[in-house]
Structures are given as C-alpha cells and as structure tokens.
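Q: Here it is: the structure, laid out below.
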Amino acid sequence: MSDNNTQTTFKASGVDIRGLHKSYGDNEVLKGIDLEVKPGEVVCLIGPSGSGKSTLLRCVNLLEQPNAGVIHVGGFDATDLDVDLDKMRQKVGMVFQQFNLFPHLTVLQNCTVAQTKVLKRPAAQAKETAQKNLNRVGLGDFGDRYPDQLSGGQQQRVAIARALSMDPTLMLFDEPTSALDPETVGEVLAIMRSLAKGGMTMLVVTHEMSFAKEVADRVIFMDGGVVVEQGPAKEVIGNPQQPRTQDFLKRVLDPTHVEIAE
Amino acid sequence: MAMTTRQRARLSKIIQIVIFLGVIVAVVLQVDWRILGDNFFAFDKLGPIFPELITVGLKNTLYYTVISFAFGLALGLLLALMKMASFAPYRWFATGFIEFFRGVPAILVLIAFGYGVPTAFPGTSWPQPVVVMVSLGLVSAAYIAETLRAGLQAVPKGQIEAARSLGMPAWRAMVTIVIPQAFKIVLPPMTNEIILLTKDSSLAFILGASMAQYEMTKIGRDGITSLGAGITPLIVAGAFYLVITIPLSLIARKFESRSARTKR
C-alpha cells in the first residue's frame with residue numbers, strides 16, 4: 001500500500017434520516033428511526049441480529065424501500081419519488097457482507113465497469129482510477145485475477161476498491177467482516193480505518209466492537225427496530241447506560257461466560 | 001466356498017460381460033446379412049441423391065434450424081422477461097404461451113401455419129421457410145423462455161444489488177452483469193435446444209414443397225421409393241444429422257470447460 005494514497009482526503013457528504021419506518025407485511029422492522037451522520041463522521045451501528053440495523057443501512061441507498069420517513073443523502077432526497085436514484089447511488093458506496101464481486105470480470109474490470117458504463121469515463125481514466133484504489137487496498141498486483149482466485153479478505157478489499165472507484169462521498173458497510181475467516185478480518189478493518197482517517201463519511205454495521213470503539217466517532221445501539229442508545233463510541237461501548245445495551249455488550253464481549261436461563 | 005467381497009464383485013462383472021456378449025452374438029446370428037445389406041447399406045445405389053442430399057438437403061436443414069433458433073431465441077428472451085415482469089398480465093400471457101406451445105406437437109403447429117393460415121386468410125401464403133421459422137420458432141421459444149428464466153434467476157440477487165449500488169440502471173445491470181453470467185448457466189440446455197431443433201426441422205417434409213426447399217429427411221424418404229436401396233438413403237441422412245449435432249456438442253463442451261475455469 002503506498003502511503004501517499006492512503007492520506008488522500010475525501011469529499012464527504014452526510015446522511016439525515018427522520019421518522020423511518022419499514023415493514024415486511026405485518027413485521028415492522030424499523031419503528032421510527034432518526035439518525036444523523038455529519039460529513040466526515042464515522043458511525044457504527046451495533047445490535048443483535050434482527051434488530052433492523054442492516055435494513056436501516058439498505059434503506060439509505062434505497063435497496064429497501066421505506067414505508068415512511070425522509071432520507072437525505074448528500075443533497076439528494078432519497079425518498080422523493082422523482083429523485084434520480086442511479087445518480088444518488090453513484091455517490092454512495094456500498095460494501096456487502098458477501099462481497100458480491102462480479103465473478104465473470106477480472107478484479108480490474110470489477111473496478112472499471114461502472115466507471116465506464118455509468119460515469120462514461122474514458123477507459124484509460126477508469127483504469128487509472130481503479131489501479132489507484134487497488135493500490136490503496138494493497139492489491140495493486142491483482143488486477144488480472146478473477147474474484148474466485150482471491151481469499152475472502154482480498155475479495156472484500158476489492159469490493160471496497162470497486163466502491164471507491166466511483167468517488168463516493170459516503171460509504172455504507174453491511175457487516176463487512178462477518179463472512180471472513182478470522183485471520184483476514186484485520187486486513188479489511190485496516191483499510192476501513194485508513195478510509196476513516198482520510199475523512200470519508202462512513203456508516204458501518206458491525207459486530208467488531210474493538211473496531212467500533214477505536215474508529216467510530218459515534219456508536220448507535222439498535223434493538224427491536226428502534227435506537228436504544230447512542231453516543232460517543234467509548235461511552236456507549238465502555239459504559240453503556242441502558243440495560244439492553246449492557247446485556248448485548250456482555251454477550252458480545254465475553255461470549256464464553258453467557259448464562260442461559262433455564 | 002466363501003468368497004471375499006472383492007472376489008464377488010469381480011465375478012459379478014464377468015457375468016455381466018458374458019451376458020452382454022451373448023446377447024450380441026445371438027442377435028448377429030439371427031440377422032440375414034444379405035437382406036440387411038440390400039436394405040440398410042446399399043450405398044452403391046445412392047448415386048442419384050448426391051450431391052442434392054448435401055447441396056440442398058443439408059443446406060436447408062441448417063438454414064431452417066438457424067432461422068428458427070434465431071426467432072425462437074429472440075421471442076424466448078422476450079417471454080422470459082415477461083414471465084419475470086411485475087405487471088401481472090405479462091406473466092399471464094407468457095405462461096399461457098409457454099404452456100400451449102410446449103404442450104402441442106410441433107408437427108401440429110407446422111400444419112396449422114402451413115395449411116391453416118392460407119385457408120383462414122385467403123390470399124395469404126407464406127413461403128415455406130417462413131412457415132418453418134414461425135412454427136418451429138414459436139415452439140422452441142416456449143422451451144427457450146423457461147431455460148432463460150431459470151438461468152437469469154440462478155444469478156444471485158446480490159449481483160443485481162451490487163450493480164444497482166454502483167449506480168447502474170436496471171437494464172444496464174441486466175445487460176452487463178446478469179446476462180453474461182446467465183449465459184454460462186444456460187449454455188448446456190441451450191445446446192440441447194439447438195439439437196432438438198435440428199431434428200425437428202425434418203418435420204418440414206409435411207409441407208410438401210418444391211425440390212429447392214427439401215431438407216435431408218425429405219430427400220431420404222423420397223430416395224426410399226425411387227432408388228430400390230431399402231432405407232439406405234435415410235441411414236445416410238441420419239449420419240449427416242450427426243455431422244451437425246456432434247460438433248455442436250463438442251463446441252458447447254469446450255465453452256463449458258473454459259467458463260468452468262474462470263468461475264468455479
């Protein structure tokens with residue numbers, strides 16, 4: 001990884017969510033969420049599975065259609081029916097738990113395809129941008145490989161480079177390390193840490209508490225479709241106020257000593 | 001005498017081979033080789049059907065297959081997309097079409113378009129290649145539609161989500177991300193479809209066309225009555241079908257192993 005690349009600063013935009021509701025049939029997953037992420041801020045969403053944190057993240061770039069509420073993303077009103085969603089998504093990078101690299105394209109093509117087809121960048125410029133971002137994630141020499149020739153951690157780093165190649169002003173991470181072998185988690189977190197240092201606005205759904213504590217400006221604990229507690233990362237994780245937060249963190253931070261009620 | 005499992009397996013294999021060879025020998029002994037030769041392998045009498053079997057028959061078989069497949073593929077893709085559409089009437093139409101043309105014998109469709117259309121609409125008469133293309137195209141479109149739909153739906157949903165997240169419109173995600181991956185999935189069943197079409201093109205014989213429009217089976221059948229070589233002309237015509245279909249299978253297999261390398 002070349003150092004001058006990791007020091008690049010980003011043009012950042014924020015997120016503003018008001019009164020967000022989302023249901024699947026009778027099952028209400030999000031019960032009125034208010035959430036603000038300021039430009040350049042790193043916010044981690046934590047909580048038990050089924051708490052709605054992934055759904056919330058997927059609502060931000062409208063992969064899920066909310067039932068009610070307003071979402072503003074970098075100057076776009078995402079819930080306006082007339083908004084150009086494709087234009088908006090170009091500015092919002094998304095990293096998935098399962099990487100979702102395009103298996104029929106090389107690593108380099110994964111990073112250039114949207115630049116040329118969507119942003120209409122000339123091939124040479126797209127390639128240059130892709131190479132810069134592959135260098136940034138430490139995979140500059142892997143451009144000719146296919147995704148299935150890489151480890152999980154490498155694939156996820158390519159997925160990050162692919163998203164960065166669109167020059168996003170906001171990055172969404174949906175449990176980016178949950179599908180990884182333990183020994184490759186660190187390399188992905190290292191990339192994310194360097195993005196945070198570069199001033200990227202990041203909204204991260206994660207179970208990596210030490211990462212959240214160290215990197216996040218703010219942590220939001222969700223349970224049952226509502227925000228239970230939020231605040232500076234060190235306070236929420238180090239000294240949680242709500243019983244549900246305390247219980248969750250105990251289970252996550254010390255899983256060998258969880259007691260099961262008979 | 002007790003036998004080990006391995007000895008028993010070997011004995012079983014030997015018995016199978018003996019029975020197999022026995023059946024073949026019995027059949028061979030029953031055959032009257034002189035009559036068989038006169039009726040199945042009288043190649044010396046085939047002079048009159050050459051070169052027409054190739055210059056007309058093989059050419060027309062290929063021609064009918066290719067135009068029917070092109071029409072069937074275009075229509076089949078349309079039907080597959082209709083079947084996946086959110087607008088319900090599209091799905092109903094596609095389902096009805098597919099069930100109908102998949103369930104009716106191709107020969108009935110050929111008769112309907114070859115004789116039914118000129119009768120129902122006096123004055124309209126399609127040239128034979130058009131009748132074949134429309135009839136076989138409609139039937140193959142029904143099969144192709146189901147194959148394509150299965151292939152398109154086999155591409156994981158995360159691929160579309162990733163493409164849309166990069167700002168691709170739905171059609172662009174389809175064209176650039178989904179269809180290339182679906183192509184690899186549908187290649188083997190698609191090869192099947194072309195091979196079936198190649199053989200179904202022989203049904204064109206019922207349309208009773210002029211000599212220039214004969215395909216291989218028609219020429220072979222006419223040869224039976226005119227040459228006095230038994231069904232030898234059909235045997236030869238059959239061999240030429242294999243000349244088309246076997247290379248097709250080989251090409252498809254080559255494609256498959258190549259895509260298997262890039263996508264395990």
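No value in this document is a laboratory result; all are computed from the given coordinates. Since we're looking at a predicted model, the values are computed, not measured. Here Cβ is always computed from backbone atoms with ideal geometry, including for glycine, and neighbour counts include all displayed protein chains.
Q: Could you give the distance between the Cα centres of segment A:127-198 and segment B:212-236, to the whole Å?
A: 65
Q: While we're looking at this one, here's another question. For the protein assembly as shown, list log₁₀ I(q)/I(0) at each q in 0.08, 0.11 Å⁻¹, using the Debye formula over Cα point scatterers of equal strength and ignoring solvent, two decimals each.
A: -0.73, -0.99
Q: Hey, can you list the DSSP H helices of chain B whose Cα span along the axis is 27 Å or longer and whose average Kyte-Doolittle score is at least 1.0?
A: Working: long enough: B:5-30 (38 Å, 1.21); B:59-83 (35 Å, 1.25); B:128-154 (38 Å, 1.13); B:179-200 (29 Å, 0.55); B:232-262 (46 Å, 0.78).
Once both thresholds are applied, what remains is B:5-30, B:59-83, B:128-154.
Q: Note the direction-averaged projected area, equal to a quarter of the hull surface, for the Cα convex hull of segment B:9-110, in nm². Could the numbers behind the result be given before it?
A: Details: hull surface 56.6 nm².
With the hull built on Cα positions only, its mean projection is 14.1 nm².
Q: Taking a cut-off of 20 Å between Cα atoms, list the lysines near B:LYS218, but don't count ones fewer than 8 places away on the same chain.
A: By straight Cα distance, B:LYS218 reaches B:LYS45, B:LYS59, B:LYS199.
Q: Let me ask something else. In degrees from 0 to 90, rounded to the nearest 10, what is the angle of the helix A:182-197 Cα long axis to the longest principal axis of chain A?
A: Compared with the principal axis, the helix lies near 80 degrees.
Q: So, one more: Between A:LEU85 and A:ASP247, what length in nm is gained on full extension when 0.36 nm per residue of separation is reduced by their alpha carbon distance? List each step's numbers first, then the result.
A: Working: separation 162, 0.36 × 162 = 58.32 nm, distance 3.89 nm.
This chain segment gains 54.4 nm when fully extended.
Q: Let me ask you something else. Given labels modelled 7 Å from the Cα in the Cβ direction, how far is it in nm from A:GLU214 to B:THR119?
A: Going from the A:GLU214 label point to the B:THR119 one covers 8.3 nm.
Q: Here's another thing I want to ask about it. With both bridge residues required to lie in segment A:129-249, what share of the DSSP beta bridges run antiparallel, to the nearest 5%?
A: Numbers: 6 of 11 bridges.
Around 55 percent of the beta bridges assigned by DSSP in segment A:129-249 are antiparallel ones.
Q: Can you tell me what the convex hull of the Cα atoms of segment B:176-264 projects to on average, as an area in nm²?
A: On the way: hull surface 31.3 nm².
If you wrap the Cα atoms of segment B:176-264 in a convex hull and average its projections, you get 7.8 nm².
Q: Within a 10 angstrom radius of each residue's Cβ in A:96-103, how many Cβ atoms of other chains show up on average? Whole number is fine.
A: What the average comes to for A:96-103 is 5.
Q: Would you be so kind as to identify which of A:MET192, A:THR206, A:GLN242 lies farthest towards the positive end of the dipole of segment A:184-262, taking Lys and Arg as +1 and Asp and Glu as -1 on Cβ and the Cα centre as origin?
A: With unit charges placed on the Cβ atoms, the residue in question is A:MET192.
Q: Give the lysines whose C-alpha is closer than 26 Å to that of A:LYS53, dropping any in the same chain fewer than 8 places away, or say none.
A: Partners within reach: A:LYS11, A:LYS22, A:LYS31, A:LYS38, A:LYS87, A:LYS91, A:LYS197, A:LYS213, A:LYS234, A:LYS250, B:LYS157.
Q: Dividing the Cα radius of gyration by the Kirkwood radius, what Rg/Rh value follows for chain A?
A: Working: Rg = 18.4 Å, Rh = 19.0 Å.
Rounded to two decimals, Rg/Rh equals 0.97.
Q: Quote the convex hull volume per residue of segment A:160-215, based on C-alpha atoms, as a whole number of Å³. Write down the numbers at each step before the final one.
A: Details: hull volume 4.5 nm³, N = 56.
Looking at segment A:160-215, the number lands at 81 Å³ per residue.
Q: Also, I was wondering about something else. Evaluated at 20 °C with a viscosity of 1.002 mPa s, what Stokes-Einstein diffusion coefficient in µm²/s does chain B have when Rh comes from the Kirkwood expression over alpha-carbon pairs? Don't skip to the end; give the middle numbers.
A: On the way: Rh = 22.3 Å.
In µm²/s, the coefficient rounds to 96.
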